[in-house]
Amino acid sequence: MDQKWNESDTEVFLRYGRVFVPERGELAKTFIDLIPANHDEDFVVVDIATGGGWLTETIASTFPKAHVIALDGSPEMLKYTKDRLEQYADRLEFRHFDLFDASWLNDLPNKVRCFVSSLAIHHITFQQKQDLFKKLYSNLHNNGALLIADIVKPVNEIGRRSMSRSWDDVTKKQSLNLEGNLQAYEYFLNTEWNLFEHPDDPVDKPSTLLEQLNALQQAGFSDIDAWWVKAGHALFGGYKYE
């Protein structure tokens, strides 16, 4: 079985991503709160797996001098996002990359102020996460940050059931509120998108929140925390200081 994201997944996520991601608007605001930069500062951000570009767009629209390097493994996703965000073309750079091969780090600018990622890191193993965190720390500017929003692994069966129910509930609510009907929610159910209810897809390799917070500490990060948690998803990360 293919254990990587494929273009059929891309089509689904571009169509229904805003419904499937819990409280994406609040998540976007929290990312902005946590980026260690002034509004009018010139700095570099790397978006690891930009997807449909909602986080890249949020950063570019909030920080008018920020340069965002948007990475993704899907050519279709990159083309879609580049076309959609054409108004920011002078400050956005789109690059194809392979999350499973860290050589993409070699082509980044000397120092990056902030690495961000949404719903991508859970596709690599815990060992790969540990290695990635260490490499990202080395590539960060002093007073920089790594901010990750991702699915987290439940620590027990009780937690799995709660995460599954919560994600189901929020998707149903957002389908009604954002689409005006239950079509997106029905697709969510029919495609078995809820990995807490259907945990056997080899594409998904989530780690617990505690494991990842510890891995960030071991990589050298400070002020490590989880600032937003909802339906088995969390925004967590840490900072690098001089």
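The values are calculated or read from the model by the stated rules, or taken from the named source; none is laboratory data. No experiment lies behind these values; they were computed from the predicted model shown. Glycine also receives a Cβ, built like all others from the backbone with ideal geometry; neighbour counts cover every protein chain displayed. Accessible surface areas use protein heavy atoms only, side chains included; no ligands, DNA or RNA. Shrake-Rupley method; radii C 1.70, N 1.55, O 1.52, S 1.80 Å.
The table below gives the values:
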quantity	calculated
Failed criterion for Gly17 (all others in (1) under 13 Å from the mean Cα position of the chain (by Cα); (2) crowded, with 22+ Cβ neighbours inside 10 Å hold)	(2)
Looking only at region 65-82, and only at residues there that are open to solvent by 40 Å² or more (accessible area, probe 1.4 Å) and outside any loop (DSSP other than H, G, I, E, B), the one that is modelled with the lowest pLDDT	Glu76
Residue match in region 141-158 (condition: assigned to a helix (DSSP H, G or I), open to solvent by 50 Å² or more (accessible area, probe 1.4 Å) and on the phi < 0 side of the Ramachandran plot)	yes
Residue, most open to solvent (accessible area, probe 1.4 Å), within region 174-196, restricted to residues that are touching a residue at least 40 places away in the same chain (Cβ under 8 Å), closer than 20 Å to Ala234 by Cβ and not in a helix (DSSP H, G or I)	Trp193
Some residue of region 144-158 being farther than 20 Å from Tyr239 by Cα and among the small types (Gly, Ala, Ser)	no
Single unsatisfied condition, Pro199 versus (1) open to solvent by less than 50 Å² (accessible area, probe 1.4 Å); (2) part of a loop (DSSP other than H, G, I, E, B); (3) of a type outside the set (Ser, Thr, Tyr)	(1)
Enumeration of residues in region 86-124 that are over 23 Å from Thr62 (Cα atoms), aromatic (Phe, Trp, Tyr) and either out of contact with any Gly (no Cβ under 7 Å at 6 or more places or on another chain) or open to solvent by 40 Å² or more (accessible area, probe 1.4 Å) (or both)	Phe100, Trp104
Yes/no for Thr171 being over 23 Å from Lys111 (Cα atoms), β-branched (Val, Ile, Thr) and open to solvent by less than 30 Å² (accessible area, probe 1.4 Å)	yes
Qualifying residue in region 86-93 (condition: of a type in the set (S, T, N, Q), farther than 27 Å from Gln218 by Cα and touching a Phe, Trp or Tyr at 6+ places or on another chain (Cβ under 7 Å))	no
Within region 83-133, considering residues that are of a type in the set (Asp, Glu) and assigned to a loop (DSSP other than H, G, I, E, B), the one farthest from Asp150 (Cα to Cα)	Asp90
Among the residues listed as Thr62, Thr56, the single one being buried (at least 20 other Cβ atoms within 10 Å of the Cβ) and under 28 Å from Ile224 (Cβ atoms)	Thr56
Odd one out for Asp225 among (1) open to solvent by 70 Å² or more (accessible area, probe 1.4 Å); (2) not in a strand (DSSP E or B)	(2)
